[in-house]
Amino acid sequence: MKYVVTLRDRTYEVEVEEGQAMLLDEYEAKAPAAQAPVAAPAATPAAAAPAAAAAAPAPVAVGDGTPVEAPLPGNVLSIKVNVGDKVSAGDVLLLIEAMKMENEICAPSDGVVAQICVSTGNMVNTGDTLIII
C-alpha cells in the first residue's frame, strides 16, 4: 500500500508491503490554494443562526502570552480550565480525541489562562491555537 504523509511542511510518499516500508519520494508540502468566497443566497436571520453555529470556528486573534497549540488533529472532548485559572507546567488543560484515543493537552509552563480559543466539540488541526497562557 502507498501512503502520503505530511509532517512539518514536508510530504513523504511511503510504500508498505509485508512489514517493509520504503520511502518513494520526499518534497516540500504545498499550501492549500485559497478559495474565492461563494455568495450565499439571502437567508432570514432565524435560518442564519443555526448555520453560523454549525460552521467551523473562525481563527482567533492571539493576544499576549504563550499559545498552547494542538499537537495533532482531532475533536475537543472537554476543557478542564477556565479563563483566569492558575496552571502549573504539566497540568491538563483539555482533552482531544484523535483516532479513538483521548489525548491530554498539558500546560507547557506555569501561568494564568488568558484566553480559551476553542470550545467542546470543535475540530482542530495540528498547530491550531487552543489556549493562551
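The values are calculated or read from the model by the stated rules, or taken from the named source; none is laboratory data. As the structure is a computational prediction, the values presented were derived from the model and not from experiment. Counting neighbours? That spans all protein chains shown, and the Cβs are built from the backbone with ideal geometry, glycine included.
In this entry, Ala51 is excluded by the filter for residues that are at pLDDT below 90, out of contact with any His (no Cβ under 7 Å at 6 or more places or on another chain) and surrounded by 13 or more Cβ atoms within 10 Å (Cβ to Cβ).
The strands (runs of 3 or more DSSP E) found entirely in the stretch 58-133 include none that carry 2 or more residues being surrounded by 13 or more Cβ atoms within 10 Å (Cβ to Cβ), over 14 Å from the mean Cα position of the chain (by Cα) and modelled with pLDDT of 95 or more.
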